[in-house]
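Reviewing the structure listed below.
The values are calculated or read from the model by the stated rules, or taken from the named source; none is laboratory data. Remember, it's a predicted structure, so these values are computed and weren't measured experimentally. Cβ atoms come from the backbone with ideal geometry, glycine included; neighbour counts cover every protein chain shown.
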Amino acid sequence: MEYEEECAVNRIAGSVPFGYEPPANSRKGTMVVYDTFQHMEDKALALAAATAEKRGFAKLVLYPLHEETVRRMTKEPVLPYHKRLDRLHDWKRSYEEERGRGSIPVAVEGLEGKRKKYTPMEAALRHLAEVYPSPLFLYLTPETANLFASFSSFEEWIVKLRLLLASAPERLHPKLEKYRHRWDLADET
(Lines give C-alpha, C1' and ligand atoms only; values in the text may rest on other atoms or scores of the structure.)
Protein backbone atom coordinates (compact mmCIF):
# COMPACT_ATOMS: atom_id res chain seq x y z
CA MET A 1 0.00 0.00 0.00
CA GLU A 2 2.87 2.38 0.73
CA TYR A 3 4.17 2.03 -2.82
CA GLU A 4 0.82 3.13 -4.32
CA GLU A 5 0.63 6.15 -2.00
CA GLU A 6 4.19 7.16 -2.90
CA CYS A 7 3.39 6.91 -6.60
CA ALA A 8 0.25 9.00 -6.14
CA VAL A 9 2.24 11.70 -4.29
CA ASN A 10 4.91 11.75 -7.00
CA ARG A 11 2.24 11.93 -9.68
CA ILE A 12 0.61 14.93 -7.98
CA ALA A 13 3.90 16.73 -7.45
CA GLY A 14 4.78 16.25 -11.10
CA SER A 15 1.42 17.39 -12.45
CA VAL A 16 1.00 20.66 -14.28
CA PRO A 17 -2.12 22.26 -15.77
CA PHE A 18 -2.99 21.31 -19.34
CA GLY A 19 -1.20 23.54 -21.82
CA TYR A 20 1.43 24.70 -19.34
CA GLU A 21 4.71 25.62 -20.95
CA PRO A 22 7.69 26.48 -18.80
CA PRO A 23 8.88 30.06 -19.29
CA ALA A 24 11.58 30.36 -21.90
CA ASN A 25 14.99 31.24 -20.60
CA SER A 26 15.48 34.85 -21.66
CA ARG A 27 19.24 34.63 -21.24
CA LYS A 28 21.33 32.59 -23.62
CA GLY A 29 24.81 32.42 -24.98
CA THR A 30 28.16 33.61 -23.75
CA MET A 31 30.03 36.84 -24.24
CA VAL A 32 33.81 36.36 -24.04
CA VAL A 33 36.12 39.32 -23.49
CA TYR A 34 39.32 38.14 -25.20
CA ASP A 35 42.04 40.61 -24.24
CA THR A 36 45.36 41.17 -22.51
CA PHE A 37 43.56 43.27 -19.85
CA GLN A 38 46.75 45.32 -19.71
CA HIS A 39 45.05 48.59 -20.66
CA MET A 40 41.40 47.73 -19.96
CA GLU A 41 40.34 49.73 -16.92
CA ASP A 42 37.57 48.86 -14.46
CA LYS A 43 35.26 51.28 -16.25
CA ALA A 44 35.74 49.37 -19.52
CA LEU A 45 35.14 46.05 -17.74
CA ALA A 46 31.92 47.45 -16.26
CA LEU A 47 30.87 48.57 -19.75
CA ALA A 48 31.50 45.04 -21.07
CA ALA A 49 29.41 43.59 -18.23
CA ALA A 50 26.62 46.11 -18.92
CA THR A 51 26.70 45.15 -22.60
CA ALA A 52 26.40 41.46 -21.68
CA GLU A 53 23.45 42.19 -19.39
CA LYS A 54 21.72 44.47 -21.88
CA ARG A 55 22.02 41.86 -24.64
CA GLY A 56 20.73 39.07 -22.39
CA PHE A 57 23.75 36.77 -22.25
CA ALA A 58 23.74 33.89 -19.78
CA LYS A 59 27.42 34.37 -18.87
CA LEU A 60 30.30 36.82 -19.21
CA VAL A 61 33.73 35.22 -19.56
CA LEU A 62 36.96 37.19 -19.13
CA TYR A 63 39.75 35.51 -21.07
CA PRO A 64 43.17 36.99 -20.19
CA LEU A 65 46.03 36.19 -22.57
CA HIS A 66 49.31 34.72 -21.33
CA GLU A 67 52.48 36.79 -21.85
CA GLU A 68 53.72 34.32 -24.48
CA THR A 69 50.49 34.64 -26.45
CA VAL A 70 50.68 38.43 -26.31
CA ARG A 71 54.35 38.37 -27.31
CA ARG A 72 53.60 36.27 -30.40
CA MET A 73 50.47 38.17 -31.37
CA THR A 74 51.50 41.79 -30.82
CA LYS A 75 55.09 42.00 -29.52
CA GLU A 76 53.69 44.40 -26.89
CA PRO A 77 55.19 44.30 -23.37
CA VAL A 78 52.65 43.15 -20.82
CA LEU A 79 52.43 42.61 -17.05
CA PRO A 80 52.84 39.03 -15.83
CA TYR A 81 49.78 36.85 -16.33
CA HIS A 82 49.18 36.25 -12.63
CA LYS A 83 49.08 40.00 -11.85
CA ARG A 84 46.48 40.64 -14.55
CA LEU A 85 44.54 37.57 -13.39
CA ASP A 86 44.53 38.79 -9.77
CA ARG A 87 43.23 42.17 -10.93
CA LEU A 88 40.39 40.48 -12.85
CA HIS A 89 39.43 38.39 -9.81
CA ASP A 90 39.41 41.56 -7.67
CA TRP A 91 37.20 43.33 -10.21
CA LYS A 92 34.87 40.31 -10.39
CA ARG A 93 34.49 40.26 -6.59
CA SER A 94 33.75 43.98 -6.39
CA TYR A 95 31.33 43.75 -9.34
CA GLU A 96 29.40 40.89 -7.73
CA GLU A 97 29.29 42.69 -4.35
CA GLU A 98 28.07 45.88 -6.00
CA ARG A 99 25.51 44.30 -8.35
CA GLY A 100 24.26 41.50 -6.12
CA ARG A 101 22.76 38.17 -7.08
CA GLY A 102 20.78 39.49 -10.05
CA SER A 103 23.86 40.38 -12.03
CA ILE A 104 25.18 38.38 -14.93
CA PRO A 105 27.48 35.53 -13.84
CA VAL A 106 31.12 36.36 -14.52
CA ALA A 107 33.84 33.76 -15.03
CA VAL A 108 37.57 34.34 -15.36
CA GLU A 109 38.90 31.70 -17.76
CA GLY A 110 42.22 30.20 -16.68
CA LEU A 111 43.13 28.06 -19.70
CA GLU A 112 46.22 30.09 -20.58
CA GLY A 113 47.38 30.03 -16.97
CA LYS A 114 47.20 26.24 -16.97
CA ARG A 115 49.08 25.96 -20.26
CA LYS A 116 51.72 28.58 -19.26
CA LYS A 117 52.71 29.06 -22.87
CA TYR A 118 51.54 30.41 -26.20
CA THR A 119 47.95 29.44 -26.93
CA PRO A 120 46.83 29.96 -30.54
CA MET A 121 43.54 31.80 -30.85
CA GLU A 122 42.00 28.80 -32.63
CA ALA A 123 42.77 26.56 -29.63
CA ALA A 124 41.28 29.14 -27.25
CA LEU A 125 38.13 29.42 -29.37
CA ARG A 126 37.74 25.63 -29.56
CA HIS A 127 38.03 25.45 -25.77
CA LEU A 128 35.50 28.26 -25.25
CA ALA A 129 33.04 26.70 -27.71
CA GLU A 130 33.24 23.35 -25.89
CA VAL A 131 32.95 24.70 -22.33
CA TYR A 132 30.46 27.59 -22.52
CA PRO A 133 26.88 27.75 -23.82
CA SER A 134 26.38 28.93 -27.37
CA PRO A 135 25.97 31.21 -29.20
CA LEU A 136 29.44 32.55 -28.59
CA PHE A 137 30.16 36.28 -28.93
CA LEU A 138 33.70 37.66 -28.76
CA TYR A 139 34.04 41.14 -27.28
CA LEU A 140 37.21 42.60 -28.82
CA THR A 141 39.01 45.88 -29.13
CA PRO A 142 39.18 47.09 -32.76
CA GLU A 143 42.92 46.31 -32.82
CA THR A 144 42.37 42.72 -31.68
CA ALA A 145 39.50 42.31 -34.16
CA ASN A 146 41.73 43.43 -37.03
CA LEU A 147 44.45 41.07 -35.81
CA PHE A 148 41.94 38.19 -35.60
CA ALA A 149 40.78 38.98 -39.16
CA SER A 150 44.36 38.63 -40.37
CA PHE A 151 44.60 34.99 -39.18
CA SER A 152 44.10 32.22 -41.73
CA SER A 153 41.43 30.59 -39.55
CA PHE A 154 39.29 33.75 -39.36
CA GLU A 155 36.85 32.71 -42.09
CA GLU A 156 36.39 29.31 -40.45
CA TRP A 157 35.54 30.90 -37.08
CA ILE A 158 33.53 33.96 -38.10
CA VAL A 159 30.68 31.71 -39.26
CA LYS A 160 30.63 29.94 -35.85
CA LEU A 161 30.63 33.03 -33.63
CA ARG A 162 29.89 36.74 -33.70
CA LEU A 163 32.01 39.72 -32.77
CA LEU A 164 31.20 42.72 -30.62
CA LEU A 165 33.70 45.54 -31.00
CA ALA A 166 34.31 47.72 -27.96
CA SER A 167 34.53 50.83 -30.15
CA ALA A 168 34.42 51.86 -33.79
CA PRO A 169 37.61 50.92 -35.64
CA GLU A 170 39.62 53.63 -37.38
CA ARG A 171 40.49 51.21 -40.16
CA LEU A 172 38.94 47.86 -41.02
CA HIS A 173 40.73 44.74 -42.16
CA PRO A 174 39.30 43.66 -45.56
CA LYS A 175 37.97 40.39 -44.05
CA LEU A 176 36.14 42.34 -41.32
CA GLU A 177 34.59 44.45 -44.05
CA LYS A 178 33.62 41.30 -45.97
CA TYR A 179 31.92 39.81 -42.87
CA ARG A 180 30.34 43.07 -41.68
CA HIS A 181 27.08 41.20 -41.06
CA ARG A 182 28.81 39.01 -38.41
CA TRP A 183 29.88 41.85 -36.07
CA ASP A 184 28.61 45.07 -34.59
CA LEU A 185 29.57 47.66 -32.04
CA ALA A 186 28.96 46.85 -28.39
CA ASP A 187 27.13 50.12 -27.72
CA GLU A 188 24.63 49.47 -30.56
CA THR A 189 21.50 47.60 -29.55
Residue tally, condition closer than 16 Å to Ile158 by Cα, touching a residue at least 24 places away in the same chain (Cβ under 8 Å) and in a helix (DSSP H, G or I), over the range 112-145: 9
Filter result (part of a helix (DSSP H, G or I) and within 15 Å of the chain's Cα centre (by Cα)) within the range 54-111: Lys54, Leu88, Lys92, Leu111
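Quick grid of which residues meet (1) surrounded by fewer than 16 Cβ atoms within 10 Å (Cβ to Cβ); (2) over 17 Å from the mean Cα position of the chain (by Cα):
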position	(1), (2)
Tyr118	no, yes
Pro135	yes, no
Ala145	no, no
Phe151	yes, yes
Glu155	yes, yes
Leu161	no, no
Ala168	yes, yes
Some residue of the range 17-31 being at pLDDT 90 or above and not in a loop (DSSP other than H, G, I, E, B): yes
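Residue-by-condition table, conditions (1) buried (at least 21 other Cβ atoms within 10 Å of the Cβ); (2) touching a residue at least 24 places away in the same chain (Cβ under 8 Å):
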residue: Ala49; (1), (2): yes, yes
residue: Leu65; (1), (2): yes, yes
residue: Leu79; (1), (2): no, yes
residue: His89; (1), (2): no, no
